[in-house]
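Single-structure report; data block below.
The values are calculated or read from the model by the stated rules, or taken from the named source; none is laboratory data. Because the structure is a prediction, the values reported are computed rather than measured. Please note: Cβ atoms are built from the backbone with ideal geometry, for glycine as well, and neighbour counts cover all protein chains shown.
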Amino acid sequence: MKKDMIELVRVSKIYNTGDISFSVLKDVTLRIKEGEIAAIVGPSGSGKTTLLNIIGTLDTASNGKVFIDGEEVNSADSKGLNRIRKEKIGFIFQFYNLFPTLTAAENVEAGLEMLDIKKGEIKKRTAEYLELVGMGSKMNKFPSQLSGGEQQRVAIARALSKNPKLILGDEPTGNLDEATGNQIVKLMLEINRKMKTTFVIVTHNPKIAKICHKIIKIKDGSIQ
Amino acid sequence: MKKIYIKFLRDLFASKWLSAAVMLIIACGVGTYSGIEMSIDSLFFTKDKIFETENFADLEVLFMPNDINNLPGFADIPGIESVERRLVFPGEVKLKKKGKLPGRMILLETLVPKVNKLNVVKGLPLKENNFNTVVIEHFLEKEEGFKVGDNIELQVGKKVYNVKIGGIVRSPEYILSSANPDYFLPSLLGVVFGDLNLVSDSLGFTMINDIVFKFKPGVDKVKLKESISSRMSKLNVEAVFTNKDHFSNRFLTMDLNAFKVYTPAIEITICLLVFILVLIIFNRIISEQKKEIGVMLAFGYRKREILACFMFGGFVISFLGVLIGIVVTFIVRNTFANTYSSLLDFPVLYMIFSFKTMAVGITVTLLLALFAVFVSVIGFLRLTPQEIIRGEVSGAGIIRFSVVKNLFMLFSKLPVEIRFGTRNIFRRPGIVAVTIISVGLALAVSISYIAAVGSFRKTIEKNFNGEKWDVVVDFLYPIMLDELKELRQEKEISYSEAFFRRSVEVGKSGAYEGARLFGINPESRFKEIKLTDGGIYKFSKNENEAVLSVDLADKIGLKLGEIFEVRVREGKVFNFKLAGTIAEVTIGQIIIPFEVARKILEFPDECTGLYINSSSDPKKITADLRKYEYTGNITIKQKIVGEFMEMSKQMVKTISIATIMSLAVAIIFIFTIMNLSISDKKGEYVLLKALGYGKKQLAAIIISEALFLTVIANIICIPFTLFVTDFLNLRMEKAWFKVYNYFEIGDFLMVIIPCLLLVPVAVLYGIKKTYDLNIAEVLKTRVIE
């Protein structure tokens, strides 16, 4: 039986702005298995990105427990959270967030350099993953020389290259036309099939949600 | 190198103008400190080197003229390398054009002196058996047009000498000359060197009144001076100067030290501005990259690794700034040293490069810049990754204060582009406040330098105007008061007052400093003794009270009320109590009552000079005074004030380099802040362009914003100027004399007007950037963000 990659138990997130506090997530409990592709869907302001950020340890829950790959993250200090992100999680963003002054290859290498990997291995992996996402021929191009879809492919290669168990995507196709978006989704499915990587994707696109193994619907901070 | 470091470096170089501003301000910081310090070191070194190579006398003893046969020998005193005997007379040189110039005739026993060498610039040196031919100091050629082969007329007392010029020379004694060193002011002096036989022939015997000594290296100079003084105690010694006491050396040392007084203000200000500007720029760079930092944190990069990246980037940019700063150092050093050297007409200038000064300049500036980078990054990294990625509501663009809103109403009649521009500065109150203060501070330093020199000039003017004399005559030797009756009754002289001036030594516990004793009438109508504590000193009945120049009291380590010693000729010592200190232009003075001075110096019926009141033309009085054979220096107040004014003009020239540096820093600040502001408002500028705003209107918005900011900085700089000028004048008091604060509108306008005129230049790049903005591209980016 597959183990849980993500487990959230009665997680809440409350933001305080001056005297006013508002709840973004309310008692969220969910499980995502290893190798699953899960889509988080919901209207704007429903708490999708907050949920993704808490899973990605970019933000902390106000209440409740969060487990990533069996490890409880609530009690981890910033060093511990950093380690979890470094070893277990890869991120893909809506606007790709490639470093504009680094080439495609350098962007991937930058993601690998803080890991304890030898230089030769970094080069090898970079080439391998860029090849995997179909960007092998454009590895020396700067982001401004690439199309949106190509930039997102590089971002995926960057996220994948450190072999994370979990990849989190915040609207990874949100900034792409439909055809390019479909290509990216296909790529993610292929990677999931080949490498058994768990994907959690925030999306507005029902077509993408349908392809996923699991759909988490969220509204007003609660799972539906 | 790790890719992430490469990324930060490329990012820094991609934001060209931000990096350029950081590099420039660091270059200014390094260059100002190291350049000014090295230029002063170079000038000090040059002065000492000239004295060394030209065998400047270690000791000079001036006494009342005596027969050469009555002089003691010095051959048995160990440590003396050379001794040369001379006859020195003050007088007047008749100029080629109309008028006369205070002069000095120095008649030499050794025609090619080893001590105080005469460096022949043109013509020939002095020759034996040709005593009607003289050589002249180069000033007479340069300023008054005397040439080799010309005849020159020199009047000493009543006697007129008409001699031929055989050569033009430079002497280390007269790197700087002074007609009357008692007023401690360089002034044009016609110096003529000749053969002692010129006078001996007419007198029938050889008269000497001056001996110069050169010591062997490594001797105990103080001990040697004591031995020589005691050997000469039977002569009527007027003054004993070590090379440190000599006017040229003393004035140059004091003047260069006075420049050192001014330098910390600009150094501290530029250091502060380096810190602020780097802080602002790096804050900006970081906030522009917040998404990328968020991505890095999401990757698992640790905050200290990100900090290291920024510190590395900061170091590389700062290092490049340092390299430019090294070039700026040479420019500042050479400009400052050359300006000063040419104003003082140094025969040569040796440039010094001090690794230590350079290292201090580089280290301090670099550390400040890196500290600013550290503060910027650490402040940002305190936020959580989520806060960094999401960003915070900055409040930019929100006007909170009703006062400001009311102020806006004042501008409601102005054209819309000017309203837009001026209101912009209220949208980022923090950064704008820092900018205004920084620009204000930089301008204040510039103005303060000008105001400090103005205060210097006005104080001298006021001090001299406070003294009621018009002319001072110093006699060649002490004269009985009875003998002065005729002179004092000259019709040009309405009132006169005698004084006694002589060189003495002042000290305590057996350690002495050379000083000029000044005995004046306790009820003097001419001279008011203004104490450093602000009061006016009145001589008490206790005749053992004295007032000392503050520099002298400090050198000896005397406190008010303390007893000290005054050593006069023949080694006699008298005790005095320190009743007060003065900070006058003339340094190294001790003032006591006239009668007491005459008593201790054993000239009970004589005086050495007169203060004179006259409403006549100074030329007429000079002519009257020259009738008397004992007349030495004649000092005309009007002329001396004019010479001080001339000197302050020269100070302005030298100081203007520091002023320009401060102004440059202010402009770099305006350039940076305006470019930041333009980058922030890209969206608004493209909207304006989309609405049909043309180049003129866009330029008007930017210029009005920059001008408005500069005008406020100009207002802010006023209190800063008052404070910095006061600080500079206080430091000048410590270094030389008490300078009162005087401010003129012109001092402010001299800096403010160029600053306002430079504002459009500072924003030119920013204006061009707005012209080049692509409407579609920027709007697209804005939507995405």
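Taking every residue in the stretch B:546-571 that is in a loop (DSSP other than H, G, I, E, B) and pairing it with any residue that is among the aromatic types (Phe, Trp, Tyr), at least 6 positions away or on another chain, the pairs with Cβ-Cβ distances below 9 Å are B:558/B:564; B:568/B:574.
Annotation note: Cβ proximity below 7 Å between a residue of the stretch A:23-52 that is part of a loop (DSSP other than H, G, I, E, B) and a residue that is β-branched (Val, Ile, Thr) (sequence gap 6+ or interchain) occurs for A:34/A:198; A:35/A:198; A:36/A:198; A:42/A:218; A:46/A:218; A:47/A:24; A:47/A:218.
Taken over the stretch B:339-384, the criterion of being touching a Phe, Trp or Tyr at 6+ places or on another chain (Cβ under 8 Å) and small (Gly, Ala, Ser) is satisfied by B:361, B:369, B:372, B:376. Scanning the stretch A:101-115 for residues that are in a loop (DSSP other than H, G, I, E, B), of a type outside the set (A, V, I, L, M) and at pLDDT 80 or above yields one hit, A:103. In the set (1) out of contact with any Leu (no Cβ under 9 Å at 6 or more places or on another chain); (2) free of Cβ contacts under 8 Å to residues at least 60 places away in the same chain, the condition left unmet by residue B:315 is number (1).
Any chance the stretch B:574-590 includes a residue that's over 24 Å from residue B:246 (Cβ atoms) and outside any strand (DSSP E or B)? No, every residue in the stretch B:574-590 fails to be over 24 Å from residue B:246 (Cβ atoms) and outside any strand (DSSP E or B). Considering the conditions (1) assigned to a loop (DSSP other than H, G, I, E, B); (2) in contact with a strand residue (DSSP E or B) (Cβ under 6 Å, 6 or more places away or on another chain); (3) acidic (Asp, Glu), residue B:76 is excluded by exactly one of them, (2). Within the stretch A:58-68, the set of residues being assigned to a loop (DSSP other than H, G, I, E, B) and polar (S, T, N, Q) comprises A:60, A:62. Scanning the stretch B:508-522 for residues that are of a type in the set (Ser, Thr, Tyr) and buried (at least 17 other Cβ atoms within 10 Å of the Cβ) gives a single hit, B:512. State yes or no: is residue B:688 touching a Phe, Trp or Tyr at 6+ places or on another chain (Cβ under 9 Å) and under 30 Å from residue B:254 (Cα atoms)? In short, no. When residue B:233 is tested against (1) out of contact with any Asp or Glu (no Cβ under 8 Å at 6 or more places or on another chain); (2) surrounded by fewer than 19 Cβ atoms within 10 Å (Cβ to Cβ); (3) in a loop (DSSP other than H, G, I, E, B), only condition (1) is not met. Each residue in the stretch A:53-86 was checked for being touching a residue at least 40 places away in the same chain (Cβ under 8 Å) and farther than 26 Å from residue A:143 by Cβ, and 13 of them qualify.
Scanning the stretch A:140-182 for residues that are small (Gly, Ala, Ser) and either crowded, with 17+ Cβ neighbours inside 10 Å or within 22 Å of residue A:48 (Cβ to Cβ) (or both) turns up A:148, A:149, A:155, A:157, A:159, A:161, A:169, A:174, A:181. When residues of the stretch B:485-503 are filtered for being surrounded by 14 or more Cβ atoms within 10 Å (Cβ to Cβ) and over 16 Å from residue B:618 (Cα atoms), how many remain? Number of matching residues: 7.
Summed over the stretch A:69-90, the residues that are within 13 Å of chain B (Cβ to nearest Cβ) and outside any loop (DSSP other than H, G, I, E, B) give a count of 13. May I ask you to say which residue of B:713, B:735, B:666, B:658 is in contact (Cβ under 8 Å) with a residue 24 or more places away in the chain, in contact with a Phe, Trp or Tyr (Cβ under 8 Å, 6 or more places away or on another chain) and small (Gly, Ala, Ser)? On inspection, the qualifying residue turns out to be B:658. Return a yes/no flag: does the stretch A:120-127 have any residue that is within 23 Å of residue A:185 (Cα to Cα), at the interface with another protein chain (Cβ under 9 Å from one of its Cβ atoms) and modelled with pLDDT of 80 or more. Within the stretch A:120-127, not a single residue is within 23 Å of residue A:185 (Cα to Cα), at the interface with another protein chain (Cβ under 9 Å from one of its Cβ atoms) and modelled with pLDDT of 80 or more. Scanning the stretch B:738-764 for residues that are farther than 17 Å from residue B:446 by Cβ, assigned to a helix (DSSP H, G or I) and not aliphatic (A, V, I, L, M) yields a total of 1. Applying the criterion of being facing chain A (nearest Cβ under 10 Å) and among the aromatic types (Phe, Trp, Tyr) to the residues of the stretch B:290-339, the residue that is nearest to the chain's Cα centre (by Cα) is B:301.
May I ask you to verify whether residue B:352 is more than 28 Å from residue B:53 (Cα to Cα) and not hydroxyl-bearing (Ser, Thr, Tyr)? It is false that residue B:352 is more than 28 Å from residue B:53 (Cα to Cα) and not hydroxyl-bearing (Ser, Thr, Tyr). Condition check for residue B:469 on (1) assigned to a loop (DSSP other than H, G, I, E, B); (2) in the same structural domain as residue B:547 (by TED's automatic domain parsing); (3) without any contact (Cβ under 8 Å) to a residue 12 or more places away in the chain: one failure, at (3).
Count of the stretch B:604-623 residues, restricted to those that are outside any strand (DSSP E or B) and within 13 Å of residue B:484 (Cβ to Cβ), is 1.
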